[in-house]
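*Asks:* The structure under discussion is supplied below as structure tokens; questions concerning it will follow.
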Amino acid sequence: MAYPPKHLQIMQTHAVLICEVVKAAQNKDYSQHVEPALQMAEKNGWKALVSAIKKIINGDRSDDLMNSLDEEDQVIIKSILSGIQNPSTLPDPNAAQDPAAAAPGLAAMIK
């Protein structure tokens, strides 16, 4: 699937988070490693995104996850869901990233 450049930038900016959530969704024991990042994101105002991520980790794969999410959050959630189904769609978490492009709070997680 070809993504618009804006979506690719969002995916790459949040690649570490996306990949970590996919790991947690596939292995419940791994979710403890993601929890600190989710707590930080929630404190920084990403409550709807964190809520959707927690639902994914708990097995929800429904379209309802997109309700009340803005475009950036939707791209992140879609990337997570795609990565669960097909890991080859995941962004490279080791690629050079520009933390300044990330939303406040999440930038600290990808440095």
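Rule-based calculations on the coordinates, nothing more; no lab input. Treat the numbers as computed from the prediction; the structure is a model and nothing was measured. Quick reminder, even Gly has a Cβ in these numbers, built from the backbone with ideal geometry, and neighbours come from all protein chains shown.
*Asks:* What number comes out for the charge environment of Lys55, summing +1 per Lys or Arg and -1 per Asp or Glu over other residues with Cβ under 15 Å away?
*Replies:* Charge balance in the 15 Å sphere: -1.
*Asks:* With a sphere of radius 9 Å drawn around the Cβ of Tyr30, what net charge do the other residues whose Cβ falls strictly inside it have (Lys, Arg +1; Asp, Glu -1)?
*Replies:* Neighbour charge sum, excluding Tyr30 itself: 0.
*Asks:* Using the basic label-point model (7 angstrom from Cα toward the beta carbon), what is the Asp60 to Gln9 distance in nanometres?
*Replies:* Taking the simple label geometry, Asp60 and Gln9 are separated by 3.0 nm.
*Asks:* Under 17 Å from the Cα of Lys28, which aspartates and glutamates turn up, not counting those fewer than eight places away in the same chain?
*Replies:* List returned: Glu20, Asp60.
*Asks:* Can you tell me which aspartates and glutamates have their Cα less than 13 Å from the Cα of Lys23? Leave out same-chain residues fewer than eight positions away.
*Replies:* Answer for Lys23, where 13 Å is the Cα cut-off: Glu35, listed by chain and number.
*Asks:* Less than 13 Å Cβ to Cβ from Gly83, Lys/Arg counted +1 and Asp/Glu -1: what total charge do the surrounding residues give? Write out the running numbers ahead of the final one.
*Replies:* Working: positive: Lys23, Arg61, Lys78; negative: Glu20, Asp92.
So the environment of Gly83 carries a net charge of +1.
*Asks:* State, to one decimal in nm, how far the label point of Asn67 lies from the label point of Ser51, with both points 7 Å from Cα in the Cβ direction.
*Replies:* In this crude spin-label approximation the distance works out to 0.9 nm.
*Asks:* Lys6: which lysines have alpha carbons under 20 Å from its alpha carbon, excluding same-chain residues fewer than 8 sequence positions away?
*Replies:* Lys78
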